[in-house]
Every structure is written in C-alpha cells, then in structure tokens.
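Below: one structure, written as structure tokens.
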Amino acid sequence: MEYGSGILLNLGNPFINQSTIRYHSSTGIKMDSPDSQSQSGVSIKITNNTISNNTHSSDGGGICLQGNGAVIISGNTISDNIAGEGAGIASSAYSATISDNTIENNKAGRYGGPDNEFRLEGSGGGIYMGSAKLLGTI
C-alpha cells in the first residue's frame, strides 16, 4: 500500500502481516478504536511488515495506537518515517508488546522556519509511548 493517507483501522481487531506500507502523507497504520468484544485478549497484530517513509505532522509516522486494548508489534522493519512525536511508533493508551523489530532512521520534529528546514524538536524518534503500558522487550 503506497502513496495515500495511510491505513485507518476503526472498530476492528486486524492482523496485518507481510505487507509494505510506505510513502503516505499521514501515519502508515493508525488504530483508533479496537473491537472491545475480542475474545483473544489481543486487539491488533502487526507482524513482518515494512513500514517506511510515512510522514505525519502529529503523533506516529509509522504506527500510531490510540484507545484501549492490547497490541503485538513484531518482526517489522519500521524506518525513515517522520512525525512530531513517535516517528517510528507512537502509542498513548495500549498495552503493547514490541519485539524483534528493526526501528531505524525515524525522525521526530517538524518543518519550519524561514527556509522550511526540518528541525529535530520532537520526542521519540524511534518509539514514543506516552501513557501506554509496555509489556515485554523492545
């Protein structure tokens, strides 16, 4: 999936596997509200993907997670994304298991100034967890 405004997942429990998500003018994958009736205990699985070159002016260039529920992010390459906070991954409310990923060359900041230069002014170039609870290892 390329050159759009990213994937917005609302009221579902998706399994995104072995996909390429790149060159979006917003977050690559944004999960807003998982299905709270899930029987498995895991709302989202994002595994074995390439998520790169996505740009968002706010949180989460590669992946942005909001809402309640659990998520597994494993085996992905998350690179060259740009966002104000959490350029690789931004999570504000999930219980997240983040393991065995390659997270590199992501930049947290913004464009601005007289020359519209990129300024590294944000937090979490790789991962920004906010108030999320992290389970396992990164």
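Taken together, the values in this text are just the output of simple stated rules run on the coordinates, not laboratory data. Fair warning: this is a prediction, and the values are worked out from it, not measured in the lab. FYI the Cβ positions are ideal-geometry reconstructions off the backbone, even for glycines, and counts take in every protein chain you see.
What shape does the range 7-135 have by the C-alpha gyration tensor, where a ≥ b ≥ c are the square roots of the eigenvalues, rounded means a/c under 1.5, and otherwise prolate means a/b greater than b/c and oblate the rest?
On the way: a/c = 1.98, a/b = 1.73, b/c = 1.14.
Because a/c hits 1.5 or more and a/b exceeds b/c, the range 7-135 counts as prolate.
Expressed in nm to one decimal, what extension gain is obtained for the pair T20 and S99 from 0.36 nm per residue of sequence separation less their Cα-Cα distance?
Difference between extended and current length: 26.6 nm.
Quick one: if you stick a label point 7 Å off each Cα along the C-beta vector at D32 and S5, how many nm between them?
Rounded to a tenth, the inter-label distance reads 1.0 nm.
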